[in-house]
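Single-structure report; data block below.
Bear in mind these aren't lab numbers, they're just calculated from the coordinates by the rules spelled out. In this text the structure is predicted, and so the values were computed from the model without any measurement. Don't worry about glycine lacking a Cβ; one is built from the backbone with ideal geometry, like all the others, and counts go over all protein chains shown.
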Amino acid sequence: MSSYIIEGGKRLEGEVNISGSKNASLPIIAASILNNNVTKLYNVPNIHDTQITLEILKILGCKIGKKSDKIVIDSRNMKKTEIPEDLMRQMRSSVVLAGAIIGRFKEAKISYPGGCDIGARPIDLHLKGFRKLGIEVEEESGFIKCKCEKIIGNTIHLDFPSVGATENIMLASALAEGETIINNAAMEPEIEDLQNMLNRMGAKITGAGTNIIKIVGVKSLKEVSYTVMPDRIEAGTFLCAGAITEGKIKLNNVNVEHIAPVINKLEECGCKIEILKNSVKLEAPKKLKNVDIKTMPYPGFPTDMQSVFATVLTVSKGTSIVVENIFENRYKYTNELKRMGAKITVEGKTAVIKGVKRLNGTKVTSTDLRGGAALVLAGLQAKGKTTVNNIEYILRGYENLDKKLSMIGAKIKQI
Ligand code: UD1
């Protein structure tokens, strides 16, 4: 088990380069299965989740080359269509590999996916989408077997705009016969990034970024080079780190439009924000104001920023109300924050936060990826030393979090 040791109370000041997006990289790496060719990807973050995805591709028969943020995937010799259970369980998002494998081979076998424990995470919408495309889906003793003669385009209505289901359907239908329409599709920027990458490969997809996506099946896809979008959650996390430390920071390699909901709330808290081309500056006030947040599908406030933002609110003036509308069990980290002196009451979807002056350093444990990042922010603000245990969760999704924070004045080290 690894930990971060943080000496709190240092004002963050300086510039940070934001890495490529984790959530965009995963489906884009999966898409490299579809072209039966070579895919060159740039700006891929070097984090545990991308490493696992690449490891799965290797086991399936792809050749992988890797040099810092550049990855080359050659899927020409891929033959296997079954994802090993132990790797599948390490990462929930490995489920998007299924769409790509079926899309190319017309068969796939996966086990139920794992990932962060933030509430029930069913995949019924993914499977409903597959069935609508003519894929036979058999579920038995923890495994899901998919097969078909051919994939035939169809109109699919999602009961909820699920990010993963939207991506999986796009991947499964890119090489289908005919046209697929996804109604009530998720509108997250990562889906637009996947569309752009697939189109660069020769797919015919329109509408990503809106709630109706149209995929016109093509016969084959070709070699591609693509640069992954910046990570909007990493950017949001650093802005909040600046806010909670009375900091003055500049983030480079950001798409400002993607983080508008977070910027908007930080301004309400009293932060001064300056938007530049591909970068953003934040200057925090001495005392932050309370604000209310409600997580919603994009372009609403992102659920992945809920824990980090709530941590900022633990030291703002007055009372703030947070409502989590996407996942049912995303407040586990609040018990750890309470051990640091935060005043939080959780009931169902709602957390009521009464701001305190300062948190107190102590030993806390990450409960999930974003909850872990929230504890790091708490440690940056707290009086004395904070030990954040179980940071394996954090390493899944943040590239060099400790090094990047150190570069702007934080006292943090990994042990
Ligand atoms: C993706 C992101 C994750 C983010 C989430 C919501 C990746 C790798 N992960 O996760 O960081 O927090 O979007 O923005 O991109 N649901 C169903 N049935 C399904 C699928 C989902 O009921 O078949 C429900 C989920 O339980 C949840 C909600 O829909 O309550 C949203 O889930 P979804 O959008 O699918 O999230 P992920 O794709 O898993």
Query raised in the report: How far apart, in nm, are two points set 7 Å out from the Cα along the Cα-to-Cβ line at GLU138 and at ASN389?
Result: 4.5
Query raised in the report: If each residue's Cβ is checked for other Cβ atoms within 10 Å, how do HIS157, HIS126 rank with the fewest at the top?
Result: HIS157, HIS126
Report task. Among DSSP beta bridges lying fully in region 1-140, give the percent that are antiparallel, nearest 5. Result -> 90
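Neighbour counts of other C-beta atoms within 10 Å: give me GLU188, GLU138 arranged from fewest to most.
Ascending number of Cβ neighbours within 10 Å: GLU138, GLU188.
Looking at region 77-227, send over the antiparallel percent of its DSSP beta bridges, to the nearest 5.
Numbers: 18 of 24 bridges.
So the antiparallel bridges amount to about 75 percent of the total.
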Query raised in the report: Taking R0 as 60 Å, what's the FRET efficiency between ARG358 and SER220 from their Cβ-Cβ distance, rounded to 0.05?
Result: 0.50
Report task. Could you tell me what percent of the DSSP beta bridges with both partners in the chain are antiparallel, to the nearest 5? Result -> 70
Query raised in the report: Rounded if a/c is under 1.5, else prolate if a/b is larger than b/c, else oblate: which is region 277-341, with a ≥ b ≥ c the root eigenvalues of its Cα gyration tensor?
Result: oblate
Query raised in the report: Looking at the square roots a ≥ b ≥ c of the eigenvalues of the Cα gyration tensor of region 359-415, which shape do they give, rounded for a/c under 1.5, prolate if a/b is larger than b/c, or oblate?
Result: oblate
Query raised in the report: Too long at a 32 Å Cα-Cα cut-off: which of LYS70/LYS413; LYS281/LYS383; LYS147/LYS349?
Result: LYS147/LYS349
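Please quote Rg/Rh for region 22-227 to two decimal places, taking the Kirkwood radius as Rh and restricting both calculations to Cα atoms.
0.92
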Query raised in the report: How high is the FRET efficiency from ASN211 to ILE59, r the C-beta distance, R0 45 Å, rounded to 0.05?
Result: 0.80
Report summary line: Eigenvalues of the alpha-carbon gyration tensor of the chain, times 5 and square-rooted, give semi-axes in Å, largest first, of 38, 21, 20
Query raised in the report: Using helices alone, what [θ] at 222 nm do you get for the chain, with -39,500 (n - 2.57) per DSSP H run of 4 or more residues, divided over all residues and rounded to the nearest 500?
Result: -9000 deg cm²/dmol
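Among ASP159, ASP292, which comes first, then next, by fewest other beta-carbon atoms within 10 Å?
ASP159, ASP292
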Report summary line: The pairs in LYS109/LYS403; LYS250/LYS363; LYS128/LYS219; LYS289/LYS411; LYS22/LYS248; LYS22/LYS265 lying past 28 Å Cα-Cα in this model are LYS109/LYS403; LYS250/LYS363
Report task. Would you calculate the separation in nanometres between label points at ARG76 and LYS294, each defined as 7 Å from the Cα along the Cα-to-beta-carbon direction? Result -> 5.4
Query raised in the report: Does region 197-259 come out rounded, prolate or oblate by the C-alpha gyration tensor, with a ≥ b ≥ c the root eigenvalues, rounded set by a/c under 1.5 and, if not, prolate when a/b is larger than b/c and oblate if not?
Result: prolate
